[in-house]
Amino acid sequence: MAGKPLWLLRPLPDAKATAEVRQLVARLNLRTVCVDAGCPNLGECWAQRTATFMILGKHCTRRCGFCKVLTGRGDVLDPFEPWNVAQAVRQLKLRHAVITSVTRDDLEDGGAAHFAATIRAVHQLNPETSVEVLIPDFKGEAGPLKTVLEAGPEVLAHNIETVERLQRRVRPQGRFGRSLEVLRRAKEFRPGVLTKSSIMLGLGETPEEVREAMVAVREQGVDFFTIGQYLRPSKDHLPVERYVPPEEFEEYRRFGLEIGFKHVAAGPLVRSSYDAARALHAADFKVAETGARIGTGTALTPD
């Protein structure tokens, strides 16, 4: 495969702006998917004083062929993490906070209670801020999904990552049908929640398979969809089979809108949480008017 095409080049970030976010994250002992997953948009997002927080530790209990996040034994949960995330959201003055995690198959609830505590803490300290959570599949169990939804996130995201044929190679411990079930159940358990999914291109999929995957996701009632280019984090990860040109991404974006998604973000450098607030604007979402925040319970308060 030849070198990366010009459309993947990014301008140098504002060093001062990114340093401010880096220092804030370090001071509150937080992790971001921006760093841990090697996101190409880190400079742009951090210069705008925004970040995607990654909870539940730095080690993922699964080993996906595309992901840069460390694999290993699950870390001890930090009881202060929910409140530290909430404080970071307040200090960054975020109107829309995105929270994801490593997968924690070692925990009985997959980390769902910790997710719920973080959602409640962010809402409690930032009542005008909407919350988007990007969750694992919780091994297909309904209880953990309900726990997260009962905390009242405005957006629940779960990624299919690739087309059905490539699932076993790309994420051997995931299942395409299980991911669709998570997205379907989210709407069943809480009809008012907005749902979202994402796919990477360049792993050997065909255009027809991409469209079939988009239709399958939309059939679960999913509202938002994002499509980006897979970029190989290291030689130990899956190779890039093809760099998809921007005009092909635009074709998928138009197709997604035609089949009923409220918002589709598609482009070589688009990631599932990139410019996430724009999808809410496209859906004309307003927390106060929709009454979507129906979270119950309280955030966990560390002793």
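VAL148 passes all but one of (1) at pLDDT 95 or above; (2) surrounded by fewer than 24 Cβ atoms within 10 Å (Cβ to Cβ); which number fails? If we test VAL148 against (1) at pLDDT 95 or above; (2) surrounded by fewer than 24 Cβ atoms within 10 Å (Cβ to Cβ), just (2) comes out false. All of (1) part of a helix (DSSP H, G or I); (2) modelled with pLDDT of 75 or more; (3) of a type outside the set (Phe, Trp, Tyr) hold for LYS4 with one exception: (1).
Among the residues of segment 72-90, is there at least one that is under 19 Å from the mean Cα position of the chain (by Cα), closer than 28 Å to ARG184 by Cα and part of a loop (DSSP other than H, G, I, E, B)? No, every residue in segment 72-90 fails to be under 19 Å from the mean Cα position of the chain (by Cα), closer than 28 Å to ARG184 by Cα and part of a loop (DSSP other than H, G, I, E, B).
Restricting attention to segment 215-232, and to residues there that are over 17 Å from the mean Cα position of the chain (by Cα) and closer than 21 Å to GLY202 by Cα, which single residue is surrounded by the fewest Cβ atoms within 10 Å (Cβ to Cβ)? Only one residue tops the list, namely VAL215.
Against the test of being in contact with a Pro (Cβ under 9 Å, 6 or more places away or on another chain), in a helix (DSSP H, G or I), crowded, with 21+ Cβ neighbours inside 10 Å and β-branched (Val, Ile, Thr), the options ILE99, ILE119 yield a single qualifying residue, ILE119. For segment 122-140, the candidate set comprises residues that are β-branched (Val, Ile, Thr), within 12 Å of GLY152 (Cβ to Cβ) and within 15 Å of the chain's Cα centre (by Cα); within that set, the residue that is surrounded by the fewest Cβ atoms within 10 Å (Cβ to Cβ) is VAL133. Return yes when VAL193 is touching a helix residue (DSSP H, G or I) at 6+ places or on another chain (Cβ under 7 Å) and more than 23 Å from ARG171 (Cβ to Cβ) and no when it is not. So VAL193 fits the description; yes.
When the residues of segment 84-96 are narrowed to those that are over 18 Å from GLY152 (Cβ atoms) and among the hydrophobic types (A, V, I, L, M, F, W, C), which ends up surrounded by the most Cβ atoms within 10 Å (Cβ to Cβ)? Once the filter is applied, the top-ranked residue is ALA88.
Please go through segment 102-113 and give me each residue that is in a helix (DSSP H, G or I) and surrounded by 24 or more Cβ atoms within 10 Å (Cβ to Cβ), ordered by number.
Within segment 102-113, the subset in a helix (DSSP H, G or I) is 112-113.
ALA112, the sole residue that qualifies.
Note on segment 176-187: residues that are out of contact with any Lys or Arg (no Cβ under 9 Å at 6 or more places or on another chain) and among the basic types (Lys, Arg) amount to 2. Selection of helices (runs of 4 or more DSSP H) fully inside segment 182-290 by the criterion of at least 3 residues being at pLDDT 95 or above returns 207-218, 246-258. Would you check if there is a residue in segment 104-117 being aromatic (Phe, Trp, Tyr) and more than 25 Å from LYS146 (Cβ to Cβ)? No - not one qualifying residue is present in segment 104-117.
The values are calculated or read from the model by the stated rules, or taken from the named source; none is laboratory data. A quick note: this is a predicted structure, and the numbers were derived from the prediction, not measured. A quick note on method: Cβ atoms are made from the backbone with ideal geometry, for glycine too, and the neighbour counts reach across all protein chains shown.
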